[in-house]
Amino acid sequence: MSRSLEVCIFTEPQQGASYDEQLAQAQETERLGFDGWFRSDHILHMGPGSPLPGPTDAWTTLAGIARETERIRLGTLVSPVTFRHPGLLAIQVAQVDDMSGGRVELGLGAGWFGAEHAAYGIPFPDRRFDLLEEQLQVVTGLWQTPPGERFSFAGRRYELVDAPALPKPVQSPLPLIMGGGGPTRLPALAARFATEYNRGFSDEDEIAASFARVRAACEAIGRDPDTMRLSVALPTVVATDDASYLARLRAIHADPDTFAEVNVAGTPEVVVEKIRRLVELGADRVYLQLVDERDLDHVELIAAEVLPHLG
């Protein structure tokens with residue numbers, strides 16, 4: 001399946017962003033021609049810097065932004081299975097998909113940040129991949145059940161009895177994103193359930209190896225690997241001069257000596273070349289992680305000096 005490259009903005013609101021600031025960034029993302037706006041699903045600040053104003057719930061935020069935008073794709077990278085029961089998650093995502101007119105994508109993962117679970121009293125069990133597999137079965141099963149029929153599920157972690165399997169998403173299937181670097185179980189689950197596999201925060205060799213593993217997992221179950229979207233998410237800092245570059249690094253507490261080793265970093269020309277290399281590895285969607293949501297000039301610079309050179 002041949003796809004043109006999509007470029008999305010990806011952000012981390014737990015680092016200190018209000019709903020209004022997220023909305024402003026999402027609306028700029030749409031106005032300037034990007035393909036989507038995605039956010040993390042975390043509830044605890046990480047690293048140095050102020051946590052104010054505090055966390056915002058991912059799906060509550062996306063519901064609001066869905067009503068204030070018209071074109072861009074919206075979703076999570078990624079919602080942890082520990083936060084929500086899959087029956088409720090299926091309802092929430094289907095509702096936000098309806099509120100957006102069919103523009104929502106669900107990123108779902110096993111969860112990894114134990115401190116945020118302890119801080120807010122959320123259980124953080126072992127063997128979360130078992131939770132992930134069952135949540136994938138429940139969410140997709142609910143959405144795929146024909147109208148008028150019932151859905152039941154009896155797993156080790158979840159049990160549903162005669163669910164009416166409503167509401168349905170506008171999209172069928174609703175895009176489902178899975179990501180990470182696991183060598184065996186994750187590619188197998190992605191091949192079974194995902195429409196997109198994402199590899200984030202990794203160097204180009206690791207990205208290529210992960211893409212190869214998930215394509216092989218598709219082939220192993222008789223799925224055409226070209227039906228799997230492949231994507232990359234990387235922290236991004238773009239600037240036209242050294243002073244601006246260093247200022248943007250300081251704003252997100254990034255190390256200027258190491259940031260450019262793996263990430264999307266530097267002048268627009270350097271960034272264009274980096275993204276082109278990711279496309280050569282197989283990526284047909286790239287998520288540019290912009291943590292400082294108040295820096296809307298950053299979004300505008302990328303739109304003006306990077307996007308036109310990626311077509």
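Taking all protein chains as shown and a probe of 1.4 angstrom, residue 120 keeps an accessible surface of around 120 Å².
Positive contributions from Lys and Arg (+1) and negative ones from Asp and Glu (-1), summed over other residues with Cβ under 12 Å from the Cβ of residue 156, come out at -2. Remark on residue 165: its backbone amide H falls under 5 Å from those of 151, a criterion applied only to residues 5 or more positions apart or on other chains, H modelled at 1.01 Å from N. Note on residue 46 and residue 305: their simple-model spin labels are 2.7 nm apart, each label 7 Å out from Cα toward Cβ. Could you work out how far helix 128-144 tilts from the main Cα principal axis of the chain, as a 0 to 90 degree angle to the nearest 10? Once rounded, the angle reads 70 degrees.
Can you tell me the FRET efficiency between residue 251 and residue 224 if r is taken as the Cβ-Cβ distance and R0 is 51 Å, rounded to the nearest 0.05? Display every interim value, and only then the final one.
Numbers: r = 43 Å, r/R0 = 0.85.
According to the calculation, E is roughly 0.75.
The residue among 93, 263, 154 whose Cα reaches farthest toward the positive pole of the charge dipole of the chain, with charges on the beta-carbon of Lys, Arg, Asp and Glu, is 154. Each of 25, 45, 81 was scored by the projection of its Cα onto the charge dipole of region 1-111, and the greatest displacement toward the positive side belongs to 81; charges sit on the C-beta of Lys, Arg, Asp and Glu.
With a 1.4 Å probe rolled over the protein heavy atoms of all chains, the accessible area of 112, 37, 143 falls in the order 112, 143, 37, largest first. Cα centroids of region 246-294 and region 70-134: 26 Å apart. Taking all Cα pairs closer than 8 Å and separated by 6 or more residues, the relative contact order of region 14-84 comes to 43 percent. Start at zero, step by 5 Å, and the Cα-Cα distances of region 1-121 spread as 2, 11, 21, 23, 20, 14, 7, 2, 0, 0 percent across the bins. Label-point separation (nm) for residue 158 and residue 130, each offset 7 Å from Cα along Cα-to-Cβ? It works out to 1.6 nm between the two label points.
Could you tally the net charge around residue 92, taking each other residue with its Cβ under 13 Å from the Cβ of residue 92, Lys/Arg +1 and Asp/Glu -1? Before the final figure, lay out each step's value.
Details: positive: 84; negative: 41, 57, 97, 98.
Here the charged neighbours net out to -3.
For the chain, treating each Cα as an identical point scatterer without solvent, what Debye log10 I(q)/I(0) comes out at q = 0.07, 0.08, 0.11 1/Å? Values returned for q = 0.07, 0.08, 0.11 Å⁻¹ are -0.26, -0.35, -0.67.
When each of the peptides 13-21, 228-236, 47-55 is scored by the mean number of other C-beta atoms lying within 10 Å of its residues, the order from highest to lowest reads 228-236, 13-21, 47-55. Spread over its residues, the convex hull of the C-alpha atoms of region 95-253 is 181 Å³ per residue. Estimated at the nearest 10 Å², the accessible area of residue 168 is 50 Å² with a 1.4 Å probe. Listed values for region 195-205 are Karplus-derived 3J(HN,Hα) couplings in whole Hz (6.51 cos²θ - 1.76 cosθ + 1.60, θ = phi - 60°), namely 9, 9, 10, 10, 10, x, 6, 9, 7, 5, 5, and x replaces Gly and Pro.
Solvent-accessible surface of protein heavy atoms, probed at 1.4 angstrom with all chains present, puts 300, 261, 134 in the order 261, 300, 134, largest first. Between helix 58-68 and the chain there is an angle of about 70 degrees, using the helix long axis and the longest principal axis of the Cα atoms.
If you run the Gaussian network model on the chain, springs between alpha carbon atoms under 10 Å, then out of 121, 181, 282 the most flexible one is 121. Largest to smallest in accessible area, the residues 176, 23 fall in the order 23, 176 (1.4 Å probe, all protein chains included). With respect to the chain, whose longest principal axis is taken over its alpha-carbon atoms, helix 268-281 is tilted by about 30°.
Can you give the net charge of the other residues whose Cβ lies under 12 Å from the Cβ of residue 41, counting K and R as +1 and D and E as -1?
Values: positive: 39, 84; negative: 12, 57, 116.
Local net charge: -1.
The values are calculated or read from the model by the stated rules, or taken from the named source; none is laboratory data. From a predicted model like this one, the values you see are computed outputs, not experimental measurements. Ideal geometry is used to build each Cβ from the backbone, glycine not excepted, and the neighbour counts take in all protein chains shown. Heavy atoms of the whole protein, side chains included, go into the accessibility calculation; ligands, DNA and RNA do not. Shrake-Rupley method; radii C 1.70, N 1.55, O 1.52, S 1.80 Å.
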